[in-house]
1. Filter region 163-178 down to residues that are within 17 Å of E107 (Cβ to Cβ) and either in contact with a Lys or Arg (Cβ under 6 Å, 6 or more places away or on another chain) or free of Cβ contacts under 8 Å to residues at least 40 places away in the same chain (or both), then give me how many there are.
2. Pull out all pairs, ordered by first then second residue, where Cβ-Cβ is under 6 Å, the residues are six or more apart or on different chains, the first lies in region 133-148 and is touching a residue at least 60 places away in the same chain (Cβ under 8 Å), and the second is surrounded by 21 or more Cβ atoms within 10 Å (Cβ to Cβ).
3. Is at least one residue of region 126-135 touching a His at 6+ places or on another chain (Cβ under 7 Å), at pLDDT below 90 and not aromatic (F, W, Y)?
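The values are calculated or read from the model by the stated rules, or taken from the named source; none is laboratory data. Bear in mind the structure is a predicted one, so any value in this text is a computation, not a measurement. Positions of Cβ are backbone-derived with ideal geometry, glycine not excepted, and every protein chain shown enters the neighbour counts.
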Amino acid sequence: MYRIFVVLTVAAVLIGTLLLARQNRAPQAATVQRADTSDGYSARDAQLIETGANGLPLYTVDAASIRQLPRQDRVQLSQVALTFQDPSGERWSATAEQGAIVHGTHEVQLSGHVHVNAALLGSQAPIQIQTDTLTFDSHSDRVSTPDPVTVRWAGQKLEATGLVVNLKAHRLHLESKVHAIVTLSH
């Protein structure tokens with residue numbers, strides 16, 4: 001009986017030691033995988049400034065969020081405010097729900113309730129443009145949209161489908177389906 005008691009006691013001590021050792025064992029280190037640098041990036045309340053060869057700003061983009069997705073050719077923007085100066089130094093500003101900056105181009109694409117305010121060279125009245133999409137190309141100094149657009153200027157309202165503004169030539173071109181009532185002052 002004594003031998004059985006000693007064997008059971010030794011077995012209980014061994015089992016207890018094994019259980020305690022298992023519970024007190026340090027957890028294994030988590031495996032961490034390094035992120036590939038092409039995994040993209042994101043930021044909140046961001047400001048991007050594109051500069052020209054002379055170091056001066058070509059345009060500024062303020063966005064509630066920016067996100068560059070892995071291996072894609074664009075940076076996605078939300079709640080966008082775009083500002084730039086035309087070649088004569090007049091300030092243009094645009095807001096939109098979304099936007100994108102396309103790598104390898106000089107384009108900023110805006111979409112979703114796009115509103116533009118600008119001062120035109122030599123004009124006392126600002127121009128306002130409303131559309132659903134708009135592209136600004138800082139290389140060619142062009143603002144364009146193929147979509148329906150409303151232009152308000154000097155108390156007048158013009159509606160059309162498609163618009164191209166050549167900022168260098170100070171020319172606004174409405175593409176098609178133009179509807180306007182213009183009141184000429186005496």
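1. Counting residues in region 163-178 that are within 17 Å of E107 (Cβ to Cβ) and either in contact with a Lys or Arg (Cβ under 6 Å, 6 or more places away or on another chain) or free of Cβ contacts under 8 Å to residues at least 40 places away in the same chain (or both) gives 4.
2. Within 6 Å, the pairs are F136/V108; F136/V143.
3. Taking every residue of region 126-135 in turn, none turns out to be touching a His at 6+ places or on another chain (Cβ under 7 Å), at pLDDT below 90 and not aromatic (F, W, Y).
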